[in-house]
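Visitor: Take this structure, written in structure tokens, and hold onto it; I'll ask about it next.
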Amino acid sequence: MWQYWADSSCSGHGLECDRRGNIYAGADDKIRSSLSTVNLSNFFRFRRSSLAGRLLHQKKKMMETELHDVKPVPPKGHVISPDSPSSASPVDDASQKDDRPLLKSDSCSSSSGRISAESLEELNKKFAAFARHDVYGPLGRGELPLVEKLLLGVACVTLLPLRVVLATLILFFYYLVCRICTLFSSPNRDEAAEEQEDFAHMRGWRRTVVVSCGRFLSRVMLFVFGFYWISESFRDLEQEQSPPQGKSSSQNDGKIQSQRPERPGAIVCNHVSYVDILYHMSSSFSSFVAKRSVGKLPLVGLISKCLGCVFVQRESKSSDFKGVAGIVIERVKESHEDESAPMMMLFPEGTTTNGDFLLPFKTGGFLAGAPVIPVILRYPYQRFSAAWDSISGFRHVILLLCQFVNHLEVIRLPVYYPSQEEKTDPKLYANNIRRLMAREGDLVMSDIGLAEKRIYIAALNGNNSLPSVLHHKDD
């Protein structure tokens with residue numbers, strides 16, 4: 001409408017105007033002399049409308065500028081979370097620019113769009129917890145040697161179709177088992193949070209069949225995926241327990257004692273891959289915290305409800321988040337007090353890593369103050385890493401099924417009984433468990449998290465606009 005007004009107002013009086021209705025400075029004297037005949041009231045009315053539009057545009061630009069202020073600062077090779085208070089600390093001039101891209105302007109080749117080796121190395125140092133070091137390279141798109149191409153081609157023709165068919169049959173068969181066992185049985189619903197229902201509190205033969213078949217078929221599924229042997233080790237740390245560095249004995253007097261009769265309330269494990277879930281289903285058939293969309297998936301949705309999963313909507317600002325956290329705490333307490341209740345499986349890191357690092361723990365699962373069982377998972381590899389870090393889910397499944405053999409190592413630690421101080425301070429409890437797992441599993445503790453993972457993946461994909469990737473939702 002503005003453009004139409006400008007064209008009609010200016011062209012009707014022989015004036016040359018731009019898109020905002022401004023008279024060109026290069027107009028000749030004859031045209032300038034005709035200004036006295038222009039209807040100035042109508043012209044200035046348009047100018048006022050144009051000015052209002054400019055003010056609206058400037059306000060929008062100010063809002064966009066505020067988003068740039070959340071840019072994390074990389075201290076000593078790590079990136080601080082955008083919501084961290086330390087992100088507002090003074091930094092060098094280069095990092096203070098709000099619109100500075102994640103990669104240098106010359107980091108991508110104009111012809112292929114690939115990240116240069118120098119920039120890739122810099123990214124891998126900053127986001128070391130999510131960097132892949134296998135043959136397939138970043139995002140699983142690296143240049144493969146000839147031998148690997150031949151092996152991959154043979155596996156795609158032979159192993160991949162066979163494993164897909166077998167995995168589908170196993171999944172469908174277990175779905176039928178769950179469907180039959182849940183017939184004429186109403187799910188357990190929680191009024192504290194929306195869409196929370198499960199069949200984990202069934203009793204009698206129904207629960208026995210669901211659990212027994214679930215554990216057996218999960219191990220069969222792992223076998224189909226190439227995990228023929230799983231190395232499990234149990235460590236007795238009762239004599240090795242000592243306070244972490246920088247902590248007094250009163251701050252870390254939680255005991256690891258196997259003779260105490262208290263039942264643990266949860267299993268705490270590092271998160272490396274979706275294969276973690278299959279292993280824990282085969283070993284303990286624990287309940288998980290899963291995205292709400294999982295409960296709506298065909299086949300998998302009913303199975304997750306039989307597991308007793310707690311469904312959450314990540315990044316949701318709705319009021320049901322508090323209710324979901326309350327459900328997790330109640331489940332942990334219930335498992336601690338009732339032997340027949342399903343045990344909760346917690347991944348306190350909140351996302352997956354490459355298996356060599358341990359991210360900061362979220363404290364929600366430790367609010368109950370119940371004893372926990374620390375478990376450490378490692379995936380040794382020679383060609384392809386089973387870690388689901390920075391590679392897409394579909395590509396990861398295909399490449400995993402194309403591997404002739406996959407390896408999994410499990411380190412089980414004794415039950416950790418929190419001290420009274422740890423029960424009242426869940427952050428201290430979580431940090432002590434994290435230090436213990438990092439020491440026993442030879443893992444490096446990192447201070448980055450999910451936000452930095454999104455930045456890293458976006459940079460690898462060529463999207464170096466920081467504010468736009470910080471607020472992306474998970475797939």
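Visitor: How big is the range 138-447 along each principal axis, measuring the range of its Cα positions in Å and listing the largest first?
Guide: Projected onto its principal axes, the Cα set of the range 138-447 covers 59, 51, 40 Å.
Visitor: I would also like to ask the following. Evaluate the relative contact order of the range 138-447 (contact order divided by residue number), counting alpha-carbon pairs under 8 angstrom at least 6 apart; express in whole percent.
Guide: So the answer I get is 26 percent.
Visitor: Can you pull the one-decimal nm distance between simple spin-label points at L171 and A117, each 7 Å off the Cα toward Cβ?
Guide: Distance between label points: 4.0 nm.
Visitor: I would also like to ask the following. Past 29 Å, Cα to Cα, is the threshold; run K125/K333; K291/K453; K296/K333; K296/K453; K126/K333; K333/K362 against it and keep the listed order.
Guide: K125/K333; K126/K333
Visitor: Here is a further query. Taking H as built 1.01 Å from N, whose amide H comes closer than 5 Å to the amide H of A290, not counting residues under 5 places away?
Guide: Amide H to amide H, under 5 Å and 5 or more residues apart or across chains, A290 pairs with V310, F311, V312.
Just so you know, all these numbers are worked out from the coordinates, no wet-lab data involved. Being a predicted model, the structure only gives us computed values, none of them experimental. All Cβ positions, glycine included, derive from the backbone under ideal geometry; neighbour counts span all protein chains shown.
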